[in-house]
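First comes the structure, then the notes that go with it.
The values are calculated or read from the model by the stated rules, or taken from the named source; none is laboratory data. Because the structure is a prediction, the values reported are computed rather than measured. Every residue, glycine among them, receives a Cβ derived from its backbone with ideal geometry; neighbour counts consider all protein chains shown.
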Number of protein chains: 2
Amino acid sequence: MIKDRVRTEAYRAAIFQHSDFIKDKVVLDVGCGTGILSIFCAFAGARKVYAVDASEIAIQAREVVKTNGLSETVVVLVGRIEEVQIEEEVDVIISEWMGYMLLYESMLSSVIFARDRWLKPGGIILPSHATLYLAPITNVERYAESIDFWRDVYGIDMSAMLPLAKQCSFEEPCVESITAENVMSWPETLRPIRCYANTVDRLPSLSSCYRIFTGMAGPLHGFALWFDVKFSGATPSSSDTQSGTWLESSLSNGSHVNGMFQKVKHARIADEIILSTAPEEAPTHWQQTILYIYDPRDVKQDEQISGSITMSQSRENPRFLNIHLEYKCGGRCYVKETVMR
Amino acid sequence: MIKDRVRTEAYRAAIFQHSDFIKDKVVLDVGCGTGILSIFCAFAGARKVYAVDASEIAIQAREVVKTNGLSETVVVLVGRIEEVQIEEEVDVIISEWMGYMLLYESMLSSVIFARDRWLKPGGIILPSHATLYLAPITNVERYAESIDFWRDVYGIDMSAMLPLAKQCSFEEPCVESITAENVMSWPETLRPIRCYANTVDRLPSLSSCYRIFTGMAGPLHGFALWFDVKFSGATPSSSDTQSGTWLESSLSNGSHVNGMFQKVKHARIADEIILSTAPEEAPTHWQQTILYIYDPRDVKQDEQISGSITMSQSRENPRFLNIHLEYKCGGRCYVKETVMR
């Protein structure tokens, strides 16, 4: 993941943007991995950085810190954040905790724990906000190669394979890259997470209704999920009570050009750094997560698609996420049940 | 795999090339999958095709056969070839049995069983021959992105990560695509398999010595394995006692141009169909299998690399292949031990 330049450069930029705050302060890096974010914080002037990771990669991180002559500043602790003993409270928590679709194998609960246990009043959390989005998508090429392919295979009618092909291709959520051309509407904000305010017991489950108006006609092939995170170092303020980072834009405002949803300008503080995994942004290792439906539904422009999505921890395996998606279009209701394993 | 056009079109071409032989005859398709090869045989005029597969995909294959009005000709049998009861002996055995690196999860032993149990004297096997190749490779880009990357990560010396990076990237065989530019010598034929002559007890183990002369200087990063199969319908002849399909070419014959090993013309019967997974050919889903070494060795042009390779069924899991590779270059001997899982 360190090779994901978009990710690493967003974190680096955010750290240096907050160097006035970080200078001579104490930082806690939750899930430090190779230790790169801790080292960036040391470069930004931190007096002390506690780099914590439960994985054995922390042993390598300690070597990396040593090689770079930072052993005095960066203290690597191998263990779960809930169990390690840190010598002092901290001014800054930094963490790259986001999983696929934000919530899959996310470490947010560790960040929340660290905040409640170790963050001084007035301390900052980077990133400070995260938002999960949902949008209907069309993907004719993907459907053609996975499904339509079987209708005529070297002149042979293999449509008997269609049920199996649909199951193999689309039963589970697909982590893959789409483009802005695939997205049929403005995204709906499903889950704004304010790291200063969130409590653990609301995670990682999510239940949200949505209502979307399509900006283009075409076959609906599924729904995409993606997220962004913001690095607002400011401590909790009234702005934290607002949800979402997208401007409310009506479809008639002219931003929808040639079937493409152009990048929406965020209602953001000047120079606020955002790491976005949206289809129209530079690709990241998170890509997008697509919930494909087995049979495309033709939708018109300006058609309403509404429904709800629920994500909850699987009882089978706490790592897994059960997803229950309902969508209503063309006057009919449909359900997609799936598990992200 | 049916989407691998190179594979499917080679089989189709081979079937139609042998349509004079197939017409009004009985065919056995070992591991029929979706049934596509069986249907091609029906199109080529077979009187009866027995399509056998142990997997439940055979149930779909039966539906495909029905949809295409071929239920009278193509009889789909769900079961292991060693257990199904076929009503008669057959004139033709067709099978797509090749695994990665030819031998990994190969179904050759099922083909050999079918030959000994069901093939009439004078019957044909498609494909008739298979050959496994080995060649040293250089892959500076792959090594740089997997290993050298850690030497300077956003200005941080992360060389402490190198041992872990080498293990993660190169411990196991990698199925990936290289090009002719990566290949440092003519390939060595490791294992010519004559489907008319082979016996089961020699498979899937393999032990072979090799001696190669490099055609270019550069860092040796590992060894590539690939294979080809030939569709010589002719029944066993003296030519079956010859091994390999590549012309013996000295490196001084001028075919080695600009560091690229050009396609070698096979010493082949006119119009003989060959399905090749070599780096210089159109890509297939088999790609090539690369055994990377942890530390590159600089080799000169015309340098000898010699050694041995042994592949044997794992005791841990019969599906796994243990690979023991020895290579000597620059006067020193090295060993790579790995498992293909």
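Summary of computed values
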item: Hits in the range B:12-34 (condition: within 12 Å of chain A (Cβ to nearest Cβ) and crowded, with 23+ Cβ neighbours inside 10 Å); result: B:I15, B:T34
item: Filtered residues of the range B:89-119 (kept if of a type in the set (D, E) and either assigned by TED's automatic domain parsing to the domain that holds B:M1 or in a loop (DSSP other than H, G, I, E, B) (or both)); result: B:E89, B:D91, B:E96, B:E105
item: Close pairs from the range B:158-169: first free of Cβ contacts under 8 Å to residues at least 40 places away in the same chain, partner surrounded by fewer than 17 Cβ atoms within 10 Å (Cβ to Cβ) and of a type in the set (K, R), Cβ under 9 Å, at least 6 apart; result: B:M158/B:R151; B:S159/B:R151; B:A160/A:K66; B:L162/B:R151
item: Failed item in (1) buried (at least 22 other Cβ atoms within 10 Å of the Cβ); (2) of a type outside the set (F, W, Y); (3) closer than 24 Å to B:Q304 by Cα, with B:I193 passing the rest; result: (3)
item: Residue match in the range B:222-243 (condition: at pLDDT 90 or above and either more than 26 Å from B:Y11 (Cα to Cα) or in contact with a Lys or Arg (Cβ under 6 Å, 6 or more places away or on another chain) (or both)); result: yes
item: Number of the condition not met by A:L37 [criteria: (1) facing chain B (nearest Cβ under 9 Å); (2) among the aliphatic types (A, V, I, L, M); (3) crowded, with 24+ Cβ neighbours inside 10 Å]; result: (1)
item: Count of the range A:40-50 residues which are away from every other protein chain (no Cβ under 13 Å) and in contact with a strand residue (DSSP E or B) (Cβ under 7 Å, 6 or more places away or on another chain); result: 5
item: Residue among B:E105, B:E9, B:E83 that is surrounded by fewer than 19 Cβ atoms within 10 Å (Cβ to Cβ), away from chain A (no Cβ under 11 Å) and modelled with pLDDT of 95 or more; result: B:E83
item: Residue list for the range A:53-77, restricted to those being basic (K, R) and surrounded by fewer than 17 Cβ atoms within 10 Å (Cβ to Cβ); result: A:K66
item: Filtered residue count, the range A:162-173, keeping only those that are more than 12 Å from chain B (Cβ to nearest Cβ) and either buried (at least 19 other Cβ atoms within 10 Å of the Cβ) or of a type in the set (G, A, S) (or both); result: 2
item: Given (1) within 13 Å of chain B (Cβ to nearest Cβ); (2) closer than 15 Å to A:G31 by Cβ, index of the condition A:L70 fails; result: (2)
item: Filtered residue count, the range A:133-161, keeping only those that are touching a Pro at 6+ places or on another chain (Cβ under 8 Å) and either within 14 Å of another protein chain (Cβ to nearest Cβ) or crowded, with 19+ Cβ neighbours inside 10 Å (or both); result: 5
item: Test: B:E176 is closer than 24 Å to B:R319 by Cα and either over 16 Å from the mean Cα position of the chain (by Cα) or not β-branched (V, I, T) (or both); result: yes
